[in-house]
Structures are given as C-alpha cells and as structure tokens.
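Any read-out appearing in this document is the output of simple, stated calculations on the displayed coordinates, not a laboratory observation. Just so we're clear, the structure is a prediction, and the values are computed from it rather than from any experiment. In this analysis, Cβ positions are derived from the backbone assuming ideal geometry, glycine residues included, and neighbour counts consider all displayed protein chains.
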Amino acid sequence: MKSRDNFSSEVINAIKLQSAYICSNPECRKLTVAPALSDKMKVQYFGKIAHINAAAVNGPKYNVRMTVSERKAIGNAIFLCSNCADMIDKNKGDDYPADLLHSWKETHKEWVLANLNKGPQNKTVSVGSKFQSGGITAHIVNLTLSPIQADNDKQFDQKTFKRSMKVFDDDQIHRFCDALLSNGECRYNDMRRLEELLEFYRKPVNRYLNTKVEKLLEAFASKMPALASFVSIKNFDKWPYSQPSTNFTIQLRPELLRDTGYRKREEGDLEKWNNLFLELIKKVKAMKKNYEAFRKMVKSELHV
Ligand SMILES: [Zn+2]
C-alpha cells in the first residue's frame with residue numbers, strides 16, 4: 001500500500017465552510033451543495049477538497065521537500081467543484097501550478113469575505129460575484145432608486161471610478177495593451193497594477209452603474225485573472241539583465257524565452273509557450289475592446 005497524506009476531518013470541515021461550499025476557481029464559483037430531490041434528509045453535493053501539492057508520491061505536483069504535516073495542513077488544501085478538481089490534475093497538474101492554486105484560494109477567501117451577509121437583492125454585492133451565470137449571487141436585481149438616492153449613488157460611483165483610475169489609468173491601460181500586442185512586452189509595474197485593479201473591481205464598489213455597464217465591466221474584468229496569472233506564474237525572463245530590478249520589461253515573445261536560474265527549457269516548451277502566447281494575445285485584444293466599451297459607457301453614464 002502506498003501511503004497518502006490525507007487531510008483530517010477537521011481540515012476538511014474547515015476548508016468546506018471557509019469556502020462557503022463554492023468552488024475556489026475564480027472563473028467557476030459554482031455552488032456545490034443543494035437539497036436532494038429524492039430524500040428530505042439528503043443533499044446533492046459535488047464539492048472536492050484537493051491537495052495543492054499531492055498527498056502521495058507520483059501524484060500531481062508532489063513536493064518531496066514538504067513534510068507530512070505540511071502536506072496534511074489546511075494550507076495545502078483547496079475547495080473546488082468536482083469538475084475543477086479533475087481539471088487541475090490533468091497533465092500531472094502541470095497546467096495549474098501550485099502558485100496559481102494558492103492565488104485562487106486567496107482570491108476566493110477575499111471574495112467570500114466581501115460577500116458575507118449580502119444577498120442578491122443587495123446593490124453592493126461585489127462585481128466579482130457577477131462573473132458567474134448561475135451561482136447564488138448571480139441574480140442582480142435592479143432596484144428602482146428614488147431621484148435623491150440615485151444622485152447620491154451616482155456620486156459614489158464617480159468617486160469609485162476616479163479611485164480606480166489611480167490604480168491604473170486610461171493611458172496606462174492602453175500603453176500596457178499596446179506594448180503586449182505590438183511587441184510582446186510587459187512592464188513589471190504594469191503587471192502589478194493590473195492585479196491591483198482586478199482586486200479593486202472584485203470588491204463591492206458600484207452602486208449606481210446599471211446592468212448595461214455592469215455587463216461590460218464584467219466582460220472586461222473577467223479577462224484579467226487569466227491574463228494576470230499567465231504573466232505572473234511563468235518564469236519569463238527580464239533579459240537584458242541590466243534593467244532596473246523594480247520596474248523591468250518582461251519579454252513574453254516565445255522565441256525570446258531562454259533558460260533561467262529557475263527553469264531549464266525542456267522539449268515541447270516552445271510549442272507550449274507559443275500556444276499560451278497566442279491565447280494571451282487573444283485575451284489582451286478582448287480585454288482592450290471590452291475596456292473601451294466600458295469606458296465609453298462610464299463617460300456617458302457618469303460623465304467621468
Ligand atoms: Zn469549479
């Protein structure tokens with residue numbers, strides 16, 4: 001018998017509850033539990049508690065350097081729907097590195113906290129909750145506001161939008177997209193700003209913006225997680241090395257990828273990165289288009 005470092009029932013219960021029984025993949029967020037239809041005492045449940053680094057030798061992302069207790073700890077557990085749990089283990093788990101899963105978990109924690117004590121009738125449910133189409137907070141009810149209320153909410157959203165511009169403004173977003181599209185280049189600081197902007201939009205920020213605007217924002221913001229994780233998890237080189245260490249340019253073009261101190265190029269890497277790069281370009285194009293539409297709508301609705 002091979003030994004497996006399984007989670008204790010305490011860890012299993014804690015991670016289920018902390019995740020609110022909702023899949024931690026930010027692009028999924030399925031609710032995984034509901035009453036059974038056949039039996040009043042039963043439930044339908046399709047949640048899974050996955051190991052970030054495998055519980056047994058030969059499992060996905062097994063890490064020999066971890067101790068048994070680290071492998072069994074809640075820090076190594078992530079709550080997912082059964083579909084996402086299967087997905088992350090395909091190709092020996094190579095497509096979903098541990099760093100990415102840790103960032104999903106962290107994002108999910110913030111999202112659950114931001115949605116605590118909020119219901120679908122509440123106008124301040126986080127923007128992030130609207131990415132999904134079928135979860136518990138997916139039904140956005142458009143409240144009819146009194147003129148005074150609407151005006152206050154409009155002012156609130158104007159301020160909010162101006163705050164978002166301090167994170168990553170119009171010009172910076174355009175420069176970021178254009179540098180990627182024209183030359184496959186990305187500034188380290190812009191990548192950080194993109195992540196920050198995403199965090200900003202995940203929080204409950206908008207009161208006035210109507211469904212039209214929310215849809216556009218959703219389309220724009222839903223492209224960002226994949227983009228940010230693509231750029232941040234891969235060991236892209238900052239060659240040439242004479243660049244400043246705090247704001248260097250990363251060369252994302254596959255033909256420029258080279259061995260780094262962390263990673264040797266392996267057979268098949270170039271093809272894999274080529275595909276990732278093409279996907280990235282598609283995402284940047286979609287993000288840019290959605291951002292422009294979102295921006296136009298904000299201008300006409302909020303006059304900022
Ligand atoms: Zn899922």
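The table for this structure:
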quantity: Other-chain or far-sequence residues with amide H under 5 Å of residue 186's (modelled H); calculated: 250, 252
quantity: Selected from 62, 74, 36, residue furthest toward positive end of dipole (the range 1-85; charges at beta carbon); calculated: 62
quantity: Packing-based exposure ordering (other Cβ within 10 Å, fewest first) of 178, 94; calculated: 94, 178
quantity: Cut-off under 5 Å, modelled amide H: who pairs with residue 62 long-range; calculated: 54
quantity: Rounded Å value of the spacing that divides the Cα centres of the range 169-203 and the range 67-92; calculated: 30
quantity: Extension reserve of the residue 243-residue 158 stretch, reckoned as 0.36 nm per residue once the Cα distance is removed; calculated: 26.8 nm
quantity: Table column - 3J(HN,Hα) (Hz), the range 268-283, Karplus curve with 6.51, -1.76, 1.60, x for Gly and Pro; calculated: x, 4, 4, 5, 4, 5, 4, 5, 4, 5, 4, 5, 4, 4, 4, 5
